Amino acid sequence: MTGQDTTRVPILDLKRAFKDIRGEVQAALDRVFDTQSFILGPVVRAFEEHVESYLELPDSGAAVGCASGSDALLLALMALDIRPGDEVITTPYTFFATASAVTRLGAVPVFADIDPGTYNIDLADVERRITPRTKVFLPVHLFGQMVPMEKIVPLLKDRGIKIVEDAAQAFGAWRRTENRIVRAGTAGDVGCYSFFPTKNLGGCGDGGMMVTSSPELAARLRKLRVHGEGSTYFHEEVGLNSRLDALQAAILDVKLPHLEAWNEERRSLAAFYRLCFEKRGLTRPGGIKLPVELEDNGHIYHQYVIRTPQRDSLMAWLEERGIAARVYYPLPLHLQPCFAFLNGRPGDCPEAEKLSREALALPIFPGLQAEEQERLADAVAEFAASRF
Ligand SMILES: *Cc1c(COP(=O)(O)O)cnc(C)c1O
């Protein structure tokens, strides 16, 4: 029984959600073609305004589009005047761009370990790694779950440490704090998002955005994304060429009103996975571990990541049965060859290192079917019967 007669369960199938909005997207693209205005301009500004209201930014706040999530992080650090030698505390368990934004400016990423249940940065370890050179805290709301920011923001403010949130995987994720909903990306000085096609709010190409509640930072970010230009051809500082284009903004503007429903669907799919695995007795000690969702968190399950010490054999087992799974991430950043100059060593972040050997991301996306989840759970149960 290797399931040859059934179709494949993909890790991600963007076609399923797109079919419902294809007509709307095509009409929006046609309106941009009518204007023949492609870089920034009114369509981009309209999308930025819609993001500002979706995130409920204060009136002083602003959303500033740019070319990618990676650029958003770099621009945010530039706007905060991060310089060579400055320390930025971040997680080693994330996509590469989080830390490369820091090293691109000659600053030093200082890696704090992670929490083994939520996979997010461990705030107690962050505190231990603060030094007089710490300029920025750069948390990642990993896999769609927000870091409990309220537990550390007051301490950082006291010490004059700025906060840049990497919310590339968490557009729409939230946390309830003192009976208020705080969205990922709005708890610090600058929040950064990616519209890479596979993200929860994904474009049809690259795109990114920064949000801030500070008018000064917003003005600086707007200047930095256009080569540091004050007025046309007068450059006040050296910035980047990093603009959001009108075609992407038009597509994203069609998708934004659907985001809440898509994120809710991901939450239901996650709940159903839990049910499927519990029903089959797979979560008992010695079985698989499911992702921990903190109380008061609106996890939007950009990824659904389980853990097991038998990760590699389980992944191969699923693959043989036509079920895709992926490893995010196989090597923590403190051990990446390009960061050898930082002198990271095995054992520096033991929880992150262990997770990199155990994490397995399962299919989760709008349009994933219950039968597909059941099929996956059956395959894990067969694996467990033979191995656990
Ligand atoms: C995707 C991602 C980025 C980078 O975004 P791009 O738009 O691909 O440049 C940064 N950080 C994290 C955590 C990401 O997942």
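The values are calculated or read from the model by the stated rules, or taken from the named source; none is laboratory data. A quick note: this is a predicted structure, and the numbers were derived from the prediction, not measured. We place every Cβ from the backbone using ideal geometry, glycine too, and count neighbours over all the protein chains shown. Heads up: the accessible areas ignore ligands, DNA and RNA and are worked out on the full protein's heavy atoms, side chains in. Shrake-Rupley method; radii C 1.70, N 1.55, O 1.52, S 1.80 Å.
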Computed over the stretch 259-387, the ratio Rg/Rh where both radii use C-alpha atoms and Rh is Kirkwood: 1.01
Test item: Cα-centred dipole of the chain, Lys/Arg +1 and Asp/Glu -1 on Cβ, debye: 620 debye
Backbone HN-Hα couplings from phi across the stretch 156-167 [Karplus 6.51/-1.76/1.60, Hz, Gly and Pro as x]: 5, 4, 4, 8, x, 8, 7, 10, 10, 9, 8, 9
Extreme residue, positive dipole direction of the stretch 259-387, given options LEU259, GLN373, ALA324 (C-beta unit charges): ALA324
Folded to 0 to 90 degrees: helix 69-79 orientation relative to the chain principal axis, Cα: 40 degrees
Accessible area (Å², per residue) of the stretch 259-387, counting only protein heavy atoms and a probe of 1.4 Å: 44 Å²
Peptides ranked, highest mean first, by Cβ atoms within 10 Å: ranges 350-360, 187-197: 187-197, 350-360
Crossing angle, helix 246-255 versus the chain [Cα axis fit, 0-90 degrees, rounded to tens]: 50 degrees
Alpha-carbon Debye profile of the stretch 34-96, log10 I(q)/I(0) at 0.19, 0.29 Å⁻¹: -0.95, -1.23
Tail fraction, Cα-Cα pairs, the chain, threshold 41 Å, whole percent: 14 percent
Estimated FRET transfer efficiency (VAL238, LYS354; beta-carbon r; R0 51 Å; 0.05): 0.75
Mean ellipticity per residue at 222 nm, deg cm²/dmol - from DSSP H runs of n ≥ 4 across the chain, formula -39500 (n - 2.57): -11000 deg cm²/dmol
Heavy-atom accessible surface of the stretch 131-239: percent carbon and sulfur, 1.4 Å: 52 percent
Taking the chain and dividing mean pair separation by its residue count, relative contact order in percent (alpha carbons under 8 Å, at least six apart): 22 percent
Extension reserve of the SER60-ARG104 stretch, reckoned as 0.36 nm per residue once the Cα distance is removed: 12.9 nm
Under 23 Å between alpha carbons - lysine pairs in the chain that sit 8 or more apart or on different chains: 13
Tilt relative to the chain, helix 22-35 - C-alpha long axis, 0 to 90 degrees, to 10: 20 degrees
Calculated FRET value between ARG284 and SER214, using beta carbons and R₀ = 51 Å, to 0.05: 0.55
For the stretch 90-138 and the stretch 342-388, distance of Cα centres in Å: 23 Å
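Antiparallel as a % of all DSSP beta bridges within the chain, to the nearest 5?
About 65 percent, rounded to the nearest 5.
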